[in-house]
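Student: I have a structure here, written as structure tokens, and I will follow up with some questions on it.
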Amino acid sequence: MPILNYSNDTINHFWPELNKDNIYNLPKYSEEVSQKERFHQIVGQHENIPLSVYTKNHAINYLKFPVIAKPSDNHSGLGIQVFKTAQELQDSDGEFSVFSEFVDKKEEHRFMIFKGQLMAWMQRQPLNQKAKTGEGDKDGEMDFAYEYKLDEKLPTEYAEVVKKFVELFPDLPYMTLDVMKGKDEQVYVIEINSKAGMPFDITTKLYRNIFKDFYGKNVGPDSDKNLEMMATELKKITLEKEKGKFIIKDASKV
């Protein structure tokens, strides 16, 4: 049976008993994208990545301020700080692994991808100051609302960036790309995640994709019916979980 790795610790625990060919997102590749400095090293200086360096001295000497500083493997904005001046950064005592030039964003999106194909698209709307500008308590989380887009064609500028980054990580069949457009109209990839949360009916979509890729056929009629019922219930649960934080926009019904 196919296995999707959503926990490196669990996979590693059972590693001797597993058929490695059956595992999607092997731990070594999943671990690479979870470490921000490793992600930047793989991508390099790229037109769709804000200019980034790995030491405080390099940030002070080579980046334009404001600068956003990130720890290695935190999530949800934990540990992230924005420094408006070189002196602010010089005086800081935080431990960071990546320093990037700050991008004043116009919009932000999350793309969930399987084997190079867009599986789900959510537009993110910031709900707190840290999500809007990166400023705030370094130990605070970024909070977003998610608008799930159904039957809507992905704009070419985003589709091209998705294609570029899928090709950079060929050993990661399932990934989430967090992408933003700056007020300069440039599209930037913020990070890649292999274990992002799955609201709405993402789990059923992923199940269908993995089944078809692994077995070379679609799920059977009975399974299809069960998955449809599960998808409806999962979307309902997500919408009711936090009113207004999760929204579904169905272009076919507009």
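The values are calculated or read from the model by the stated rules, or taken from the named source; none is laboratory data. Because the structure is predicted, anything quoted here is derived from the model rather than measured. No Cβ is skipped: glycine too gets one built from the backbone with ideal geometry, and neighbour counts run over all protein chains shown. Just the protein is used for accessible areas: all its heavy atoms, side chains included, with ligands, DNA and RNA removed. Shrake-Rupley method; radii C 1.70, N 1.55, O 1.52, S 1.80 Å.
Student: Whose amide H sits under 5 Å from the amide H of Gln186, counting only residues 5 or more places off or on another chain, with H placed in the peptide plane?
Tutor: The list, which skips near neighbours in sequence, is empty: none.
Student: Let me ask you something else. Let me check I've understood the local charge: for Glu191, count other residues with C-beta under 10 angstrom from its C-beta, Lys and Arg +1, Asp and Glu -1. What total comes out? If you can, show how the numbers build up before the last one.
Tutor: Details: positive: Lys36, Lys70; negative: Asp178.
Result for the local shell: +1.
Student: For region 180-254 and region 67-123, compute the distance between their C-alpha centroids and round to whole Å.
Tutor: Using only Cα atoms, the two centres lie 23 Å from each other.
Student: Something else: Nearest 500 deg cm²/dmol is fine: what mean residue ellipticity at 222 nm does the chain get from its DSSP H runs of n ≥ 4 alone, each adding -39,500 (n - 2.57), divided by its residue count?
Tutor: On the way: 9 runs with 88 residues, N = 254.
After summing the helix terms and dividing by the residues of the chain, the value is -10000 deg cm²/dmol.
Student: Separate question: Provide the net charge surrounding Gln125, with neighbours chosen by a C-beta distance below 14 Å and charges set as Lys +1, Arg +1, Asp -1, Glu -1.
Tutor: On the way: positive: Lys105, Lys106, Arg110, Arg124, Lys130, Lys132, Lys149, Lys181, Lys245, Lys249; negative: Glu107, Glu108, Asp143, Glu147, Asp178, Glu242.
So the environment of Gln125 carries a net charge of +4.
Student: Using a 1.4 Å probe, what is the accessible area per residue for region 1-90, in Å²?
Tutor: Numbers: 5030 Å² over 90 residues.
In whole numbers, region 1-90 has 56 Å² accessible per residue.
Student: Please give the length that would be gained between Asp143 and Tyr215 if that part of the chain were fully extended, namely 0.36 nm times their separation in residues minus their C-alpha to C-alpha distance (nm, one decimal).
Tutor: Values: separation 72, 0.36 × 72 = 25.92 nm, distance 3.84 nm.
Going from the current span to full extension adds 22.1 nm.
Student: State which entries of Lys106/Lys245; Lys130/Lys183; Lys84/Lys195 exceed 23 angstrom in Cα-Cα distance in the structure shown. Could you put the intermediate results ahead of the total?
Tutor: Numbers: Lys106/Lys245 19 Å; Lys130/Lys183 18 Å; Lys84/Lys195 31 Å.
Pairs exceeding the cut-off: Lys84/Lys195.
Student: Of all the accessible heavy-atom surface of the chain, with the other protein chains kept in place and a 1.4 Å probe, what percent is carbon and sulfur?
Tutor: Numbers: 6770 of 13830 Å².
Roughly 49 percent, rounded to a whole number.
Student: While we're here: Each label point is 7 Å from the Cα along the Cα-to-Cβ direction; what then is the distance between the points at Gln45 and Asp21, in nm?
Tutor: 4.3 nm
Student: Can I ask one more? Tell me, what HN-Hα J-couplings in whole Hz come from the Karplus equation 6.51 cos²θ - 1.76 cosθ + 1.60 at θ = phi - 60° for each residue of region 2-15, using x for Gly and Pro?
Tutor: x, 10, 9, 6, 10, 8, 4, 4, 5, 4, 5, 4, 9, 3
Student: Under the rule a/c < 1.5 gives rounded, and otherwise a/b versus b/c splits prolate from oblate, where does region 60-174 land using the Cα gyration tensor? Write down the numbers at each step before the final one.
Tutor: Values: a/c = 2.19, a/b = 1.74, b/c = 1.26.
Prolate shape, in that a/c is at least 1.5 and a/b is the bigger ratio.
Student: Let me ask something else about it. Would you mind checking which residues have amide H under 5 Å from Glu191's amide H? H placed 1.01 Å from N; only 5 or more apart, or other chain.
Tutor: Those lying under 5 Å, H to H, from Glu191 are Asp178.
Student: With a 10 Å radius around each residue's Cβ, average the other Cβ atoms per peptide and rank 153-161, 192-200, 56-64, highest first. List each step's numbers first, then the result.
Tutor: Values: 153-161: 13.0, 192-200: 18.9, 56-64: 14.9.
Answer by packing, highest mean first, reads 192-200, 56-64, 153-161.
Student: Next up: I need to check one value: relative contact order of region 5-131, counting alpha carbon pairs closer than 8 Å and at least 6 residues apart, in percent. All intermediate terms of the calculation are to be shown ahead of the outcome.
Tutor: Details: 150 pairs, mean separation 25.6, N = 127.
Once divided by the residue count of region 5-131, the mean separation gives 20 percent.
Student: I would also like to ask the following. Counting Lys and Arg as +1 and Asp and Glu as -1, what is the net charge of the other residues whose Cβ lies under 13 Å from the Cβ of Leu239?
Tutor: Working: positive: Lys235, Lys236, Lys241, Lys243, Lys245, Lys249; negative: Glu147, Asp201, Glu233, Glu240, Glu242, Asp250.
Every neighbour counted, the sum reads 0.
Student: Could you tell me which of the pairs Lys149/Lys241; Lys20/Lys70; Lys115/Lys225; Lys36/Lys163 are separated by over 22 angstrom between their Cα atoms in the structure shown?
Tutor: Working: Lys149/Lys241 18 Å; Lys20/Lys70 33 Å; Lys115/Lys225 24 Å; Lys36/Lys163 20 Å.
The answer is Lys20/Lys70; Lys115/Lys225.
Student: Along region 211-220, what does the Karplus equation 6.51 cos²θ - 1.76 cosθ + 1.60 (θ = phi - 60°) give for ³J(HN,Hα), rounded to whole Hz, x for Gly and Pro?
Tutor: 3J(HN,Hα) across region 211-220, in whole Hz: 4, 5, 5, 6, 9, x, 7, 6, 4, x.
Student: Sticking with this one: Hey, what did region 112-157 get for relative contact order, percent, Cα under 8 Å, at least 6 apart? Spell out each step's value before the answer.
Tutor: Details: 53 pairs, mean separation 16.6, N = 46.
With pairs under 8 Å counted, the relative contact order is 36 percent.
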